[in-house]
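As structure tokens, the structure follows; a few thoughts come after it.
The values are calculated or read from the model by the stated rules, or taken from the named source; none is laboratory data. Just so it is clear, the structure is predicted and the values come from calculations on it, not from any experiment. As a convention, Cβ positions derive from the backbone with ideal geometry for all residues, glycine included, and neighbour counts pool all protein chains shown. Ligands, DNA and RNA are stripped out before the accessible areas are found, and what is left, the full protein with its side chains, is counted by its heavy atoms. Shrake-Rupley method; radii C 1.70, N 1.55, O 1.52, S 1.80 Å.
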Amino acid sequence: MPIQRDCTLVAKRQVGPNTWQFTLEAGEMLARTRKGPGQFLHIACGHSRLLRRPISVCACGEAEGAAFLSIVFEVRGEGTAWLAHREVGDTLDVLGLLGNGFAVTPGGRYLLAGGGIGVPPLYGCAQFAQGKATAVLGFREAGRAILLEPFAKACEDVFLYTDDGSLGKQGYVADGVRAVLDKDKNFTAILACGPKPMLRGVAEAAGEYGVPCQVSLEERMACGVGACLGCAVPMADGSMKHVCKDGPVFDAQEVDWNA
Amino acid sequence: MPEVDLSVTLAGVRLKNPIVPVSGTFGFGEEYGQFFDLEALGGLCVKGLTLHPRNGNPPPRIAETPMGMLNSVGLQNPGVDAFIARELPRLQALDTAVIANISGNTPAEYGQMCEKLSQAGVDMIEVNVSCPNVKAGGLAYGTRPELCAEVTREAKAHAGRTPVMVKLSPNVTDIVTIAKSAADAGADALSLINTLRGMRIDPETRRPILRMNTGGLSGPAVLPVALRMVWEVHSAVDLPILGMGGVATARDAVEMLLAGATAVGMGSAIFADPMAPVKAVEGLENWCESHGIAAVRELTGGVKPWEN
Ligand SMILES: Cc1cc2nc3c(=O)[nH]c(=O)nc-3n(C[C@H](O)[C@H](O)[C@H](O)COP(=O)(O)OP(=O)(O)OC[C@H]3O[C@@H](n4cnc5c(N)ncnc54)[C@H](O)[C@@H]3O)c2cc1C
Ligand SMILES: Cc1cc2nc3c(=O)[nH]c(=O)nc-3n(C[C@H](O)[C@H](O)[C@H](O)COP(=O)(O)O)c2cc1C
Ligand code: FES
């Protein structure tokens, strides 16, 4: 059950060009609304904007007896630009934790597939897997790579891909997923987050190798809680589901990739 | 000072206070019921219903605008029968008025839905003749007086004792003409305004943000238009009005009441702050208290227009 809370910004760090990591004090929000890695926050970005911005939880937990949440976001437009100007000590008006995260079970072997700003939400999955996850991470170029160290520490293996080959191998995340599955397809599931074309590619690869795949989708949102039906995504069976309430994580086979 | 009487009567239905979340912004109440007690509300309008289930429009369905938003949800809903079976019992158990919002493809469909909803015991039926997001019916009924009258008569003929409120579109040259046609055809109340047609474009891709190209504008940006229209209709037609469009605060609600509304709808503002309706109720009470108003209904139509 989601709640609204004024969360204090306790740490702010630039992690890439135009990309910021915020640590927020979470109070009772975590204990009351946490379901699993991959949930998101709906953050008010100033009084002059009507709609909140959905941002995924990157990591959460307890430090020095206080619950915290971290988010990583890229400045895309006005709302995220406003957010990037907040300073330590400011409070953010947050709805959270929203949606259902990835369906993960203790002891599972997970292959994480992340592209660009889709990488941070998978960090929670890496932590959950307690060092046993494999990650394929893709970025446009070396200068835009984020969270490499945390993933290196939290995963068994990390394979890097860039569009231009400036870091790791040249190629796309789906190529990396295929390369991993070629050697070993004994994964409980692939967990993927990133731009839609990447997700489609990963879903295809998962289908080819017969490995279950969960994808975290994006859609424009108003309410964030399932009331306005704004964030609809078409499903393969012809029905509509909603990213905020039914997702943001869906089984790749449910999704209508041609919509 | 005695307590402020916040209750109002809208077409014979008593609301404990004038604040009502509006159709399409509040689902069937369940989601926001997680944030506050729905019994704090005067009533609630449920998501627009159709005779048969509808999937709605393809995404993107939402675009932000300066202090507002566009939507092209397109009346996605489970259909009137599923609403009555699955959602209504939970809502009826609450001490708040339940207003069912309906859209039809033909006047006969409006009649059929009214019959079902009236038998199921909703407190009021809001007839949407004004949704800009569906191709058949919808906006056409709301822009042509004779069609609006026909739909109103059909709804009244099948609604039994359940009051019928006709929801007007702002996308017309003269809203008073349409309001009068609904009144003459027997409407018990009017609600206004529905969304204004609008558009946004991504300059990079040259594509409209909405997959349907255009959608309906709502939120604080439309408040002045809504106030003007409520004022015009209240001045010309002797029916109670549920005034809506851009209301976000108690102060906005006071303006809406002064313009001529009996009760006040809130929609898009809830997306920014889920507690907005509750804050508006509290704020109204405080405002009345500090202004020596004993009953909120005294405010309705209380604007003092300049003589010109
Ligand atoms: C479930 C979910 C999780 C997300 N997690 C992250 C994250 O962890 N880090 C991150 O950087 N970004 C994330 N995003 C994308 C982020 O929400 C958008 O980049 C952000 O809303 C852009 O806002 P803006 O005001 O800067 O851009 P503008 O283009 O000025 O925004 C205008 C409107 O469009 C909406 N919008 C624009 N792009 C998107 C988009 N891609 N998805 C949804 N709405 C959009 C905005 O919310 C706003 O309502 C996530 C999106 C979703 C749906
Ligand atoms: C997402 C969304 C969905 C809506 N769906 C409906 C609907 O199904 N039926 C209807 O009569 N009005 C619908 N409306 C219009 C609202 O009920 C209301 O008339 C309008 O939004 C103006 O109020 P506001 O500015 O407070 O939101 C919808 C509005 C929004 C924003
Ligand atoms: S954003 Fe309102 S239903 Fe998902």
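Listed by position, the strands (runs of 3 or more DSSP E) enclosed by segment A:153-236 that each have at least 2 residues that are more than 14 Å from every other protein chain (Cβ to nearest Cβ) are A:157-162, A:189-193, A:213-216.
Residues in segment B:63-91 that are in contact (Cβ under 8 Å) with a residue 40 or more places away in the chain and among the β-branched types (Val, Ile, Thr) were compared, and the one that is nearest to the other protein chains (Cβ to nearest Cβ) is B:Val73. If the condition is being within 24 Å of B:Ala63 (Cα to Cα) and polar (S, T, N, Q), then segment B:210-240 contributes B:Asn213, B:Thr214, B:Ser218.
Give the residues of segment B:215-253 that are within 14 Å of another protein chain (Cβ to nearest Cβ) and away from ligand 3 (no atom under 16 Å from the Cβ), sorted by residue number.
Initially, segment B:215-253 is screened for residues within 14 Å of another protein chain (Cβ to nearest Cβ), giving B:215-223, B:245-249, B:252.
The answer is B:Leu217, B:Pro220, B:Ala221, B:Val222, B:Leu223, B:Gly245, B:Gly246, B:Val247, B:Ala248, B:Thr249, B:Asp252.
Before we move on, is A:Ala113 open to solvent by 30 Å² or more (accessible area, probe 1.4 Å), out of contact with any Lys or Arg (no Cβ under 9 Å at 6 or more places or on another chain) and not hydroxyl-bearing (Ser, Thr, Tyr)? No; evaluated as a whole, the condition is false for this residue. For A:Val88, the criteria (1) within 19 Å of A:Pro195 (Cβ to Cβ); (2) of a type in the set (Val, Ile, Thr); (3) surrounded by fewer than 16 Cβ atoms within 10 Å (Cβ to Cβ) hold in every case but one, which is (1).
Each row is one residue, and each column tells you yes or no for (1) within 14 Å of chain B (Cβ to nearest Cβ); (2) under 18 Å from A:Gln127 (Cβ atoms); (3) among the hydrophobic types (A, V, I, L, M, F, W, C).
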{"residue": "A:Asp6", "(1), (2), (3)": "yes, no, no"}
{"residue": "A:Val10", "(1), (2), (3)": "no, no, yes"}
{"residue": "A:Gln21", "(1), (2), (3)": "no, yes, no"}
{"residue": "A:Ser48", "(1), (2), (3)": "yes, no, no"}
{"residue": "A:Leu51", "(1), (2), (3)": "yes, no, yes"}
{"residue": "A:Ser56", "(1), (2), (3)": "no, yes, no"}
{"residue": "A:Ala63", "(1), (2), (3)": "no, yes, yes"}
{"residue": "A:Ser70", "(1), (2), (3)": "no, yes, no"}
{"residue": "A:Phe73", "(1), (2), (3)": "no, no, yes"}
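Among the listed residues B:Val46, B:Val20, B:Val13, identify the single one that is closer than 29 Å to A:Arg32 by Cα and either surrounded by fewer than 24 Cβ atoms within 10 Å (Cβ to Cβ) or within 16 Å of ligand 3 (Cβ to nearest atom) (or both).
Working: B:Val20 fails: either surrounded by fewer than 24 Cβ atoms within 10 Å (Cβ to Cβ) or within 16 Å of ligand 3 (Cβ to nearest atom) (or both); B:Val13 fails: closer than 29 Å to A:Arg32 by Cα.
Criteria check complete, one pass: B:Val46.
Residues that are of a type outside the set (Gly, Ala, Ser), out of contact with any strand residue (DSSP E or B) (no Cβ under 8 Å at 6 or more places or on another chain) and surrounded by 13 or more Cβ atoms within 10 Å (Cβ to Cβ) do not occur anywhere in segment A:69-77.
Let's see how each residue does on (1) surrounded by fewer than 23 Cβ atoms within 10 Å (Cβ to Cβ); (2) within 16 Å of ligand 2 (Cβ to nearest atom):
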{"residue": "A:Glu204", "(1), (2)": "yes, no"}
{"residue": "A:Gly210", "(1), (2)": "yes, no"}
{"residue": "A:Glu219", "(1), (2)": "yes, yes"}
{"residue": "A:Cys231", "(1), (2)": "no, yes"}
{"residue": "A:Asp237", "(1), (2)": "yes, no"}
{"residue": "A:Lys241", "(1), (2)": "yes, no"}
{"residue": "A:Asp246", "(1), (2)": "yes, no"}
{"residue": "A:Glu254", "(1), (2)": "yes, no"}
{"residue": "A:Asn258", "(1), (2)": "yes, no"}
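For segment B:198-308, the helices (runs of 4 or more DSSP H) that sit wholly inside it and include 1 or more residues that are within 16 Å of ligand 1 (Cβ to nearest atom) and modelled with pLDDT of 95 or more are B:269-272.
Among the criteria (1) touching a Lys or Arg at 6+ places or on another chain (Cβ under 6 Å); (2) more than 14 Å from ligand 1 (Cβ to nearest atom); (3) open to solvent by less than 20 Å² (accessible area, probe 1.4 Å); (4) not acidic (Asp, Glu), the one A:Thr188 does not fulfil is (3).
Which of the residues spanning segment B:175-212 are of a type in the set (S, T, N, Q), in contact (Cβ under 8 Å) with a residue 60 or more places away in the chain and away from ligand 3 (no atom under 16 Å from the Cβ)? Don't jump to the end; show me each part of the working.
Taking segment B:175-212 as the starting set, the residues that turn out to be of a type in the set (S, T, N, Q) are B:177, B:181, B:191, B:194-195, B:205.
Still in the running and in contact (Cβ under 8 Å) with a residue 60 or more places away in the chain: B:191, B:194-195.
Hits for segment B:175-212 are B:Ser191, B:Asn194.
In segment A:37-45, the condition of being open to solvent by 30 Å² or more (accessible area, probe 1.4 Å) and over 23 Å from A:Asp246 (Cβ atoms) is met by no residue.
Number of residues in segment B:137-185 that are touching a strand residue (DSSP E or B) at 6+ places or on another chain (Cβ under 9 Å), part of a loop (DSSP other than H, G, I, E, B) and open to solvent by 40 Å² or more (accessible area, probe 1.4 Å) equals 1. Evaluation of B:Phe26 against the conditions (1) more than 10 Å from every other protein chain (Cβ to nearest Cβ); (2) among the aromatic types (Phe, Trp, Tyr); (3) in a loop (DSSP other than H, G, I, E, B) shows that the sole unmet condition is (1). Summed over segment B:29-43, the residues that are open to solvent by 20 Å² or more (accessible area, probe 1.4 Å) and away from chain A (no Cβ under 14 Å) give a count of 2.
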